[in-house]
Structure formats: C-alpha cells, structure tokens
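The values are calculated or read from the model by the stated rules, or taken from the named source; none is laboratory data. If you're wondering where the values come from, they're calculated on a predicted model, not measured in any experiment. Neighbour counts are summed over all protein chains in view; Cβ atoms, including those assigned to glycine, are modelled from backbone coordinates with ideal geometry. In case anyone asks, the SASA skips ligands and DNA or RNA and just uses the protein heavy atoms, side chains included. Shrake-Rupley method; radii C 1.70, N 1.55, O 1.52, S 1.80 Å.
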Amino acid sequence: MISVIIPVYNAERHLRRCVESVCAQTFEDLEIILVDDGSTDASGAICEEFARKDGRVVVIHQENGGRTRARNAGLLAAHGEYIGFVDADDWIEANMYLQMHQKMRAEAVDAVLCGHFEDTGSAQKEVFHGFKEGKYTRSSLIKDVYPQMLAGEAFFEMKMFLTLWDKLFIREKLMKFQLEVHEQVELGEDILCVVPYLLNCDSIYILHDCFYHYRQSPLSTIKRVREQGAEREQFRILYQTIQKQLENYDRNYDLKKQWKYFCLFMAVPRADNLYRGMECLDYLFPFPRVKRGAKVALYCAGTYGQRLYRYLQRTQFCQVSVWVDRNYKQLQAMGLPVENPMVLNEAEYDAIIVANMFAHSRDALYRALVEKYPKEKVHLMDIELITSEETSRAFGFAE
C-alpha cells in the first residue's frame, strides 16, 4: 500500500482536481489521507464528500497549525509501506504511483524521484532532476549525487529539487526525519526532511518521467512579502536547523558549503526583508551598476521577478518602465502586468534587469539580449557580490 498525504488549507478552488487525480491512479492500493488544517472555506466539506464516494479516502480535521503539522498528522495516521505527498493546489498524472512503486520494488531502493511539470496558466514546462536517470547506490550517491545535491558549480544550478511531493518514500525510514521537523517552520520545511532522508539512503532511483503538476501562482509563499521580522526569524530557524543537522551527518557527506550557497540562492529573492542594511545601499541588490532612481525594464516574471517587481513598486527604489517575459500571455491571465518582450524596442529605460536566478537560463537570456540591445544597458546579478562574506554577514549566516 501507498499512503498519499494531502495537507489542505482553504484550497477549495483547486482541491477537487487534486484529489480526483489521486483517486484516479492506476495503482489502486492507495490510502488517501486528507488533512483539513482548520480551513475556513468549503475545503473541509469537499474532503468529506470524497470520503463518502471513495472508501480509500481518510479525512482528518484539525485546528490550523500549518503544513508541517498537517503532514505529520497524516503520517502518524498512515498505514502504507510507502508514503507520497501531494499539495492541495497541484495534481498528478494517473500513472505516477504505479511507475514509482514498480521502480521502488524492482530496484529495492529507499526513494524514487520523478520529474515534474511547472504549470503557468495554459503553459507547461517539463523539469527534471539534474542527474542521469537510473539507480544510485551508496557509493554513487557519495561520488555523483551528494557533491552537487544542494548546489552545482555555477550560481545557481539546482541539481535536485528538495521537495516532498516528487518523491516516494519508505514510511519506516521517513518517520524519524519528518516528525523532527518543527511545526512552526513555514519556510523550507520540505528541506528539513528531505536532506537528512537522502543523506541516510543506501540507494535511490531517479526517473526522468514527469508525473507531478506544480501549479505556478503569484500567491506562492516566496512571492508574498511577509512582515520583516517574521521572515527573518523563519529564515534563521531554517538555516540554523539544517546547519545543525549537517554537522550530525558529516560522516555521511559534508554538505555545509553547499548549504550556504543554497541559502544564498533562497535569500536573494527575499533580500528586501532579509538583507540587513538594504535601505542604505545606493544600488539595487544584487545589480551594483543599477543605481537608485534608475528607470528600469524588468525581464522575467518568475518567482524572483515577481518578488523584485513588488519590491520596486513598494519602495520606488527604481522606476519600472516595463515588465516583460516570454510567457507573458499566461502571466497576464494570472493578473500580472507583464508584456511581450518586443516592447523593449520602444520603451524608455536606463537598464534592462535580468531577474533570473538560474545560471543556465539566465546566461542564455543575457547572450540573446546583448545581441539586440546595448551591452552596457543589460544587467546580470553580480555573483561575486552574492557569494561575498559581506553579503553572507548581511543575511546573517557568515562563518
């Protein structure tokens, strides 16, 4: 049996599609645990509706305590030998758990990882873990996976997605690591479980099939601007907790340097709240040649671009003359004021800011832009600045 745990909080808009996709799995020996975490909309009633229609569905209602508490409640109630997680606003392909279960049993591994789709409106992008498909034994984990698990050679080149929802776990092994995650953690809570779990695996299997649909939303956790003190405290808890965990698992593999780079990657989009002394800078962090008061064209409207746009709108540090993205039609459908990149030919601006965190796509976009526009006007983030000790101190995790 596989137990699939779905934490639910005010998810009435997307919940039916999510649960229907799990109920429709071609692997039928499922236990589907819906944890209603104190929803104030119709989510609780929708959960009960599915329980009446499908005997595999179990519903837990509890006072609101956050996603970690909901996942833990589901895990404690689970009977399956294997555990999967699905978020209530996402959905999965019908053969996801059949394929992953077959690999888990045939290869006798501790975890199976799959690719996922990033769904933005009607647009869909396939995303894979940055390792070859296949089985990784303990020796190959140490040789090939752990050295690039949190951060690759470039900034930033993510080799593995440290999420719960694209993996199938062994319940007996998962219990220790998931139940140790503090229930008050709201930032990076998946990482607190996934990293120690993978460090303690004897083997894993990576699939290049995409089974999980990760819905892109302008309301995701990172894109929302929290109260400054709360966001700093959440980040401090995350950073220090993982640092302590990694010290305990040094004998497995030393990931502390990678963890620092990973934290820098997560901190940069949140710099408006996390960077101490941000208000004193005369340049837009981390674009040192873009000065306060400049008129800018913002290119990219992903997670980082959306947060940066809101920061500039809120503070007027720079004036955004135009915001563009190749995926502008889908982003407009999400209510974002994003335009066709062709408007750069007519717009007035002092600088084009490439608001992309990922090395490969960021550098490819830069090369394309400097072929069409003056090179001195196109600005990439300064990686040396991001990885400097000064920046680490400003974010609060210098050694």
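Could you do me a favour and compute the accessible area per residue for region 31-80, 1.4 Å probe, result in Å²? Accessible surface, normalised per residue, equals 42 Å². Of the solvent-accessible surface of region 1-94, computed with a 1.4 Å probe and all protein chains present, 46% belongs to carbon and sulfur. Note on the chain: the alpha carbon radius of gyration divided by the globular reference 2.2 N^0.38 Å gives 1.01.
Shape index of region 271-315: Rg/Rh, with Rg the Cα radius of gyration and Rh the Kirkwood radius from the inverse mean 1/r over Cα pairs, equals 0.93.
Take the alpha-carbon centre of region 253-296, take the same for region 302-348, and report the distance between them in whole Å. Cα centroid to Cα centroid, the span is 19 Å. Between R13 and A42, the modelled labels are 1.5 nm apart [label points 7 Å from Cα along Cα→Cβ]. For K377, the aspartates and glutamates whose Cα comes closer than 17 Å to its Cα, not counting residues fewer than 8 places off in the same chain, are E346, E348, D350, D363.
With N residues in region 53-140, what two-decimal value do you get for its Cα radius of gyration over 2.2 N^0.38 Å?
Working: Rg = 16.0 Å, N = 88, 2.2 N^0.38 = 12.1 Å.
Normalised Cα radius of gyration, region 53-140: 1.33.
Size of region 177-294: Rg and Dmax of its alpha carbons, in Å, are 17.2, 54. The alpha-carbon of K244 sits under 21 angstrom from the alpha-carbons of these lysines, leaving out residues fewer than 8 places away in its chain: K173, K176, K256, K257, K260.
The residue list V127, Y82, A94 was ranked by how far each Cα lies along the charge dipole of region 40-157 toward its positive end, using unit charges on Cβ atoms, and Y82 comes out on top. When peptides 349-358, 118-127 are sorted by average Cβ neighbour count within 10 Å, with the highest value leading, the order is 349-358, 118-127. Packing around the peptides 49-61, 81-93, taken as the average count of other Cβ atoms within 10 Å per residue, puts them in this order, highest first: 81-93, 49-61.
Distance between the modelled labels on D382 and H79, one decimal in nanometres: 6.1 nm (7 Å Cα→Cβ projection).
When Rg and the Kirkwood radius Rh are both evaluated on Cα atoms of region 4-160, their ratio Rg/Rh stands at 1.00.
Order 299-307, 192-200, 379-387 from most to least packed using the mean count of other Cβ atoms within 10 Å.
Working: 299-307: 23.3, 192-200: 21.6, 379-387: 16.9.
Descending mean neighbour count gives 299-307, 192-200, 379-387.
Taking every lysine pair in region 53-162 that is 8 or more places apart or spans two chains, those with Cα atoms closer than 17 Å amount to 8. Based on the reciprocal of the average 1/r between different C-alpha atoms, the Kirkwood radius for region 320-399 equals 14.6 Å.
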